[in-house]
Every structure is written in C-alpha cells, then in structure tokens.
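Have a look at the structure below, then the notes.
The values are calculated or read from the model by the stated rules, or taken from the named source; none is laboratory data. As the structure is a prediction and not an experimental result, all values here were calculated from the model. Glycine gets a Cβ as well: all are built from the backbone with ideal geometry, and neighbour counts include every protein chain shown. The accessibility values were calculated without ligands, DNA or RNA, using every heavy atom of the protein model including side chains. Shrake-Rupley method; radii C 1.70, N 1.55, O 1.52, S 1.80 Å.
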Amino acid sequence: SEALWTREFLGMSLSNFLIYITQYAMIAALPIVIMTEYGGGDVEAGLAMTFFQIGTVTARPFAGILIDAVNKRHLMLAITVAFFLVMTAFAFAAALSALYGLRLLHGVIFAVATTTAAALVALVLPPARKGEGIGYFALSTNLAMVVGPMIGLLLMEHSSATTLFVALSILAAISIAAGGGQKLP
C-alpha cells in the first residue's frame, strides 16, 4: 500500500485548510467590522462580499492555465506569500474603498491559492489512492467551513478588528510554511 499521509499531502491540506479558514472567518466577521469600524451598513457589507466573489470568479478560469505554465512549487510559495501580504494589509485599510480593493485582490489570490493546492495534492497522491486522498483533502475545506466562522465571530466578540486581521495574518503565514516548502514529483 502506498503512503497517503505524506509530508507533502499534509502540508497542502493544512495550507488549504488555513486559507479557507481565513475566508470563512472573514465571511462571518467582516460585515461586523464594516458596520462597527467603518460606519457602513448592510449594502457596504454586502459589497465587500461581492468584491471577493468577483475576484474569485474572474481568476478561477485562469488559475489552471497559470498552474500549468509555471513551476508549481514556486507558484504555491509565491501565492501563499501574496495571501499573507493581503491579509496583513487588511489591518491598514483606512477606508471602505481600500477594503473593497483588498477584497477583490483577496478573491483573486484565494482562487489561485486554492486551485494550486488542489492541483499539487493531485500530483503528490499515489495513483492507487487518489480518490481517497482527494476526499480527505476536500475535508480540509469542510472543516474550515465549520471552524472559520466561529473563529471570526469569537475574535470580534472578545477583541477588535485589528486582532482579527492579525490572527488571520498569522494563519496565512503558517500556510506559507505548510504549503510552500513541499517536494513535488
């Protein structure tokens, strides 16, 4: 039986998990931030979610082309670093327009990062266990869907928007270490 739980598989799954956690934490917490820190309302909160989706939907079709065109390991490292930088930039957004721009960029980076992680997992899985491995990898997304909103809401309940963005930046930094240093076939 070929090994499924390799360092590469665990690293990509953890990186994917952390990237999705930050997104789900933002879905729950960002509307609160917009209303409390920026004085926005429902429309402004909705626009922040919309800008993210525009970025994601626009970038997703090109992500696969990019993944096939460049060194996959370097791309994963670069995109997780970009993800860390955009998460850190949220702490410095002084206006709603800056927040919207960051959400658009966040969506683009999210689309490329998650597509890259999935493509890399498919590369490192043993052929005889590819279906099983992809199922476990998909679980990293589902677990993030459970944990992410709770993290976002707990941080907003007990601290500030700055703390939220710092915590999400730390998760993004861990995703660099988890996904960026993998050996690939």
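Given the structure, is E44 among the charged types (D, E, K, R) and modelled with pLDDT of 95 or more? Even if it seems obvious, please write down each step before you answer.
Working: among the charged types (D, E, K, R): yes; modelled with pLDDT of 95 or more: yes.
Considered against the rule, which asks whether it is among the charged types (D, E, K, R) and modelled with pLDDT of 95 or more, E44 comes out as yes.
So, F17, is that one in a helix (DSSP H, G or I), at pLDDT 95 or above and crowded, with 18+ Cβ neighbours inside 10 Å or not?
Numbers: in a helix (DSSP H, G or I): yes; at pLDDT 95 or above: yes; crowded, with 18+ Cβ neighbours inside 10 Å: yes.
Considered against the rule, which asks whether it is in a helix (DSSP H, G or I), at pLDDT 95 or above and crowded, with 18+ Cβ neighbours inside 10 Å, F17 comes out as yes.
So which residues in the range 55-67 are surrounded by 13 or more Cβ atoms within 10 Å (Cβ to Cβ), out of contact with any Ser or Thr (no Cβ under 7 Å at 6 or more places or on another chain) and β-branched (V, I, T), if there are any at all? Don't jump to the end; show me each part of the working.
Here is the first cut: in the range 55-67, the residues surrounded by 13 or more Cβ atoms within 10 Å (Cβ to Cβ) are 55-56, 58-60, 62-64, 66-67.
Now drop any that are not out of contact with any Ser or Thr (no Cβ under 7 Å at 6 or more places or on another chain), which leaves 55-56, 58-59, 62, 66.
Within the range 55-67, T56, T58 meet the criteria.
Scan the helices (runs of 4 or more DSSP H) fully inside the range 68-185 and keep the ones with 3 or more residues being farther than 15 Å from S15 by Cα and open to solvent by 50 Å² or more (accessible area, probe 1.4 Å).
On the way: elements: 72-89, 96-124, 130-158, 161-180.
Helices (runs of 4 or more DSSP H) meeting the threshold: 96-124, 130-158, 161-180.
Would you please name the residue that is farthest from the chain's Cα centre (by Cα), looking only at residues in the range 20-52 that are of a type in the set (S, T, Y) and in a helix (DSSP H, G or I)? Let's see the steps before the verdict.
Here is the first cut: in the range 20-52, the residues of a type in the set (S, T, Y) are 20, 22, 24, 36, 38, 50.
This time we only want the ones that are in a helix (DSSP H, G or I), so: 20, 22, 24, 36, 50.
Working: Y20: 4, T22: 6, Y24: 9, T36: 24, T50: 16 Å.
Out of the qualifying residues, it is T36.
For the range 38-54, indicate whether the set of residues that are open to solvent by 60 Å² or more (accessible area, probe 1.4 Å) and in contact with a Ser or Thr (Cβ under 8 Å, 6 or more places away or on another chain) is non-empty. No: the range 38-54 contains no residue that is open to solvent by 60 Å² or more (accessible area, probe 1.4 Å) and in contact with a Ser or Thr (Cβ under 8 Å, 6 or more places away or on another chain).
Only a single criterion out of (1) of a type in the set (A, V, I, L, M); (2) over 14 Å from I21 (Cβ atoms); (3) modelled with pLDDT of 95 or more is not satisfied by A167, namely (2). For the residues L77, L104, the requirement of being under 17 Å from the mean Cα position of the chain (by Cα) and farther than 29 Å from E37 by Cβ singles out L77.
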